[in-house]
Structures are given as C-alpha cells and as structure tokens.
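The values are calculated or read from the model by the stated rules, or taken from the named source; none is laboratory data. For clarity, every value in this text was computed on a predicted model and none was experimentally measured. So basically every Cβ, Gly included, is an ideal-geometry build from the backbone, and we count neighbours across all protein chains shown. Note: areas computed on protein heavy atoms with side chains; ligands, DNA, RNA excluded. Shrake-Rupley method; radii C 1.70, N 1.55, O 1.52, S 1.80 Å.
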Amino acid sequence: QGDDALSDDELLAELENDPELERLREVRLNQLKSEIDHVRTLRARGHGEYSEIQKEEDMVNLVGKEGKAITHFGHPQFARCKILDSHLRTLAPHHFETRFASINVEKCPFLVKKFQVRVLPCLLAVIAGRVVDRLVGFEEFGNSDKFSTE
C-alpha cells in the first residue's frame, strides 16, 4: 500500500459523509416507517386474525372498504361451517394483506339476498368491494370434511 491509500477508518468516515448515501439512507428509513404505519393500520382493522362480525352493517362496511377480504357466510350449528372456520383461522395470519371474517347468515338477511347465499358454507373473495370468487359448500374440496389448509 502506498502513502496515498486511505485506512479503513478514513474510508468509512468518507463514506459516512457521502451526501448520496445519506439521501438513500433517509429514503429507505421513510419507506420502512411507511410500511410499519401500514401494518399498524391493517392490524387495527383486524388483519392477521379471523373475526366474527356481529352486525350486518359492519360486514357491509368490511366488504366495501377493505382492499381484499375473505368473508364466510355460515351458521354456528352447521358442522361444515365450523370446519371452514378452523381453516380460515389458520390462514388469516399468513395472508396479512387480506381481511378474514365470518358472519352468521341469520344476522345478515340483506347480504344473504344480495350475494345469493343459498348453500352453506359460502365463502366470498372480495377485492375493492367486488366479489371476485366464491366457494359454495364443500364441492371445491371434493365434498369431503377432511381437506388440507395448505
């Protein structure tokens, strides 16, 4: 090494004073803060968990306001609704960007009619307020009570 070579400490000090690196560091910090705020907002709205909605009005708001939602229309006395609840409870924490919720069909006659829920369980996939897919009964699962959550 020649006399003009910088020591590691000098090189590090020079890098720390680089305005471009400081700008990039600031941009990345702001991105991380924004992501943390987004996660906090989603968590406050019930993302990451599977919740039972008690009022039809709350389900209307959920369907209309969430970017992505999986909504289970079921009945607490139906065995297959309980099975589906179990699977959805497992899935919810793994799909944080999607809100998972259920409602008893007896509590939401307007939505049952609007979404033409005739067979239970009925699972609706909603994106930006629009139903994009539905699973009715257990036909998609081979009409079997034993299917994998994966």
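Using a 1.4 Å probe and counting only protein heavy atoms, arrange PHE110, PHE100 so the residue with the most accessible area comes first.
Details: PHE110 120, PHE100 10 Å².
The residues order as PHE110, PHE100, largest area first.
By average Cβ neighbour count within 10 Å, what is the ranking of 46-52, 142-148 from highest down?
Values: 46-52: 16.9, 142-148: 9.3.
Taking the mean over residues of other Cβ atoms within 10 Å, the ranking is 46-52, 142-148.
Can you pull out the trypsin sites (Lys or Arg not before Pro) in the range 29-81 that DSSP calls coil and that have at most 15 other Cβ atoms within 10 Å? Provide the component values of the computation, followed by the final result.
On the way: sites: LYS33, ARG40, ARG43, ARG45, LYS55, LYS65, LYS68, ARG80; in loops: ARG45, LYS55.
Passing sites in the range 29-81 are ARG45, LYS55.
Counting only heavy atoms of the protein chains, get the accessible area per residue of the chain (1.4 Å probe) and round it to a whole Å² value.
Per-residue value: 69 Å².
On a 0 to 90 degree scale, rounded to 10, what angle separates helix 79-91 from the longest Cα axis of the chain?
0
If you take every residue apart from GLY67 with its C-beta less than 14 Å away from the C-beta of GLY67, what net charge results, scoring Lys and Arg +1 and Asp and Glu -1?
Result for the local shell: +3.
Sum up the lysine pairs in the chain that clear both bars: alpha-carbon distance under 25 Å and a spacing of 8 or more or different chains.
19
Given a cut-off of under 8 Å on Cα pairs at least six residues apart, what relative contact order in percent is computed for the chain?
Result for the chain is 25 percent.
For the range 1-106, what % of the accessible area comes from carbon and sulfur atoms, probe 1.4 Å?
Answer for the range 1-106 is 51 percent, counting heavy atoms of protein chains only.
Helix-only mean residue ellipticity at 222 nm, the chain, DSSP H runs n ≥ 4 weighted -39,500 (n - 2.57), per residue, nearest 500. What is it?
Computed mean residue ellipticity for the chain: -13500 deg cm²/dmol.
Which residue, ALA128, ALA79, ALA13, tops the fluctuation ranking in a GNM of the chain built on C-alpha contacts under 10 Å?
ALA13
Give me a comma-separated list of calculated 3J(HN,Hα) values for the range 12-24, in order, Karplus coefficients 6.51, -1.76, 1.60 applied at θ = phi - 60°, integers in Hz, x for any Gly or Pro.
5, 4, 5, 5, 5, 8, 6, x, 5, 5, 5, 5, 4
Where both partners of a DSSP beta bridge lie in the chain, what percent of those bridges are antiparallel, to the nearest 5?
On the way: 12 of 22 bridges.
So the antiparallel bridges in the chain amount to around 55 percent.
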